[in-house]
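Participant: Can you read through this structure? Questions will come right after.
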Amino acid sequence: MTDTTLTSAETPTASLVRRAAGGGGLWRYVVVRFLLIFPTVFILVTTVFVLMRATGDPITAALGGQLTPAQLQERIAAAGYDRPLYVQYAEYLGRIVVGDFGTTLDNQRVVDVLLRYGGATLELAIYALIVAFVVGIPLGMIAAAVRDRWGDAVLRVFAILCYATPVFFAGILLKLVFSVWLGVLPTSGRASPRVEIALNRLDGATGIYTIDAIRTGNPAYIADVLSHAVLPGLALGLLTAGVFLRLVRTNVIGTLSMPYIDAARSRGVRETRLVATHAYRPALIPIVTVIGLQIAMLLGGAVLTETTFEWTGLGFQLSEFLKARDFVAVQGIVALLAVIVALSNFVVDIIAAFIDPRVRY
């Protein structure tokens, strides 16, 4: 009896101690995750530097065959590419620390290129995520509810087709069906030329056409921008939607076998209500974790999507720099995208730590 009383008296204190310890653990988790950004970025930018230098110096790659050997050597010396590789590497890291990712062949700062075209890529990524959420999550829940029936089989095949189909091929198919055959959506671009000129002339333009079109208050501009975003958003979004569909299906099926779901089922709760009300929330938690991985996939897919639809974002510019053999610009943009991916994964890890009780810290 005494032991029981003591245990009962100690329980609140122990609980408070555990909570306090948990709070400290959370901050330690945040600090550790933040510190891990630096080695991650270091490895990524080093990999980019080594891969780009493996092809030779950028000047020879861009202008080789267009200049005489003497002129070429003069350009190489002027750019500092005749120095030892470790000296160039140290200088490269030093510039990145102060936010200098290099200069393109036409004397544009890579950071300026990011600011000018980053809004377009961000807009495309947001549309793709909307498509992934709207398509992947409901279909994943439906597939779990009709598990091992023909509907489930159809949806699983659909998911495989979504993430196995190359983005550029999906984009070409969508253009062929909706733009060429049906003629209901534009084939390329972010807006009609007239609308694009008007949006670029807008005071304080954000570069995100949807926001700029809403700011004009012109419904025709908004409709034009949205119609141009449908096919690129679908092409890139279906890639992630297939992953979400499979993930939600697996997690909902796992949740439906939990004891509290069996208890609800024994009380006569309908299967559709079990899925829609009790099972989907726990199943959505892994989605947050997966989003961190999908950001890298979206940025990689954005290069092909933007090129397919002539969507003038960072991916489109990256392909143009590759065609021009401007490897300094390519190196800078890729390194900058690596930093964005590392920071995005840090934010996702912190969100997952708050909402997922299975994350230990």
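Participant: Only one of these conditions is not met by GLY140: (1) at pLDDT 90 or above; (2) in contact with a Lys or Arg (Cβ under 7 Å, 6 or more places away or on another chain). Which number is it?
Facilitator: With respect to (1) at pLDDT 90 or above; (2) in contact with a Lys or Arg (Cβ under 7 Å, 6 or more places away or on another chain), GLY140 is out only on (1).
Participant: With respect to LEU322, is the statement that it is open to solvent by 40 Å² or more (accessible area, probe 1.4 Å), of a type outside the set (Val, Ile, Thr), over 14 Å from the mean Cα position of the chain (by Cα) and under 30 Å from LYS175 (Cα atoms) true?
Facilitator: yes
Participant: Let me ask something else. Please give the number of the condition THR206 fails out of (1) open to solvent by 50 Å² or more (accessible area, probe 1.4 Å); (2) in a loop (DSSP other than H, G, I, E, B); (3) modelled with pLDDT of 90 or more.
Facilitator: So the condition that THR206 fails would be (3).
Participant: Could you please let me know if GLY292 is modelled with pLDDT of 75 or more and either in a helix (DSSP H, G or I) or touching a Phe, Trp or Tyr at 6+ places or on another chain (Cβ under 7 Å) (or both)?
Facilitator: Taking the combined requirement at face value, the residue does not satisfy it.
Participant: Does any residue of segment 113-131 turn out to be in contact with a Gly (Cβ under 6 Å, 6 or more places away or on another chain), farther than 21 Å from VAL334 by Cβ and of a type in the set (Ser, Thr, Tyr)?
Facilitator: Scanning segment 113-131, I find at least one residue that is in contact with a Gly (Cβ under 6 Å, 6 or more places away or on another chain), farther than 21 Å from VAL334 by Cβ and of a type in the set (Ser, Thr, Tyr), so the answer is yes.
Participant: Somewhere in segment 229-251, is a residue farther than 28 Å from GLY301 by Cα, open to solvent by 10 Å² or more (accessible area, probe 1.4 Å), out of contact with any Cys (no Cβ under 9 Å at 6 or more places or on another chain) and modelled with pLDDT of 85 or more?
Facilitator: Scanning segment 229-251 turns up no residue that is farther than 28 Å from GLY301 by Cα, open to solvent by 10 Å² or more (accessible area, probe 1.4 Å), out of contact with any Cys (no Cβ under 9 Å at 6 or more places or on another chain) and modelled with pLDDT of 85 or more.
Participant: Right, here's the next one. Confirm whether THR187 is open to solvent by less than 80 Å² (accessible area, probe 1.4 Å), more than 30 Å from ASN251 (Cβ to Cβ) and of a type outside the set (A, V, I, L, M). Lay out the reasoning, then the answer.
Facilitator: Values: open to solvent by less than 80 Å² (accessible area, probe 1.4 Å): yes; more than 30 Å from ASN251 (Cβ to Cβ): yes; of a type outside the set (A, V, I, L, M): yes.
For THR187, the condition - open to solvent by less than 80 Å² (accessible area, probe 1.4 Å), more than 30 Å from ASN251 (Cβ to Cβ) and of a type outside the set (A, V, I, L, M) - is met.
Participant: Residue under question is ARG215, and the condition is that it be over 28 Å from the mean Cα position of the chain (by Cα) and not aliphatic (A, V, I, L, M); does it hold?
Facilitator: no
Participant: I'd like the full set of residues that are open to solvent by less than 20 Å² (accessible area, probe 1.4 Å) and either more than 23 Å from LEU185 (Cα to Cα) or not hydrophobic (A, V, I, L, M, F, W, C) (or both), limited to segment 152-173.
Facilitator: Passing the criteria: ASP152, ALA159, GLY171.
Participant: List the number of the failed condition for ARG325; all other conditions in (1) closer than 25 Å to PHE42 by Cα; (2) part of a helix (DSSP H, G or I) hold.
Facilitator: Just one mismatch for ARG325, condition (2).
Participant: Name, by its number, the condition in (1) over 30 Å from THR121 (Cα atoms); (2) open to solvent by 60 Å² or more (accessible area, probe 1.4 Å); (3) among the hydrophobic types (A, V, I, L, M, F, W, C) that does not hold for ILE214.
Facilitator: For ILE214, the exception is condition (1).
Participant: Which of the helices (runs of 4 or more DSSP H) contained wholly in segment 24-103 include at least 2 residues that are at pLDDT below 80 and within 25 Å of LEU337 (Cβ to Cβ)?
Facilitator: Ranges flagged: 58-63.
The values are calculated or read from the model by the stated rules, or taken from the named source; none is laboratory data. Note that the structure is predicted; figures quoted are calculated from it, not measured. Because the Cβ atoms are built from the backbone with ideal geometry, glycine has one as well, and the counts that use them run over all protein chains shown. Surface areas here come from the heavy atoms of the whole protein model, side chains and all, with no ligands, DNA or RNA. Shrake-Rupley method; radii C 1.70, N 1.55, O 1.52, S 1.80 Å.
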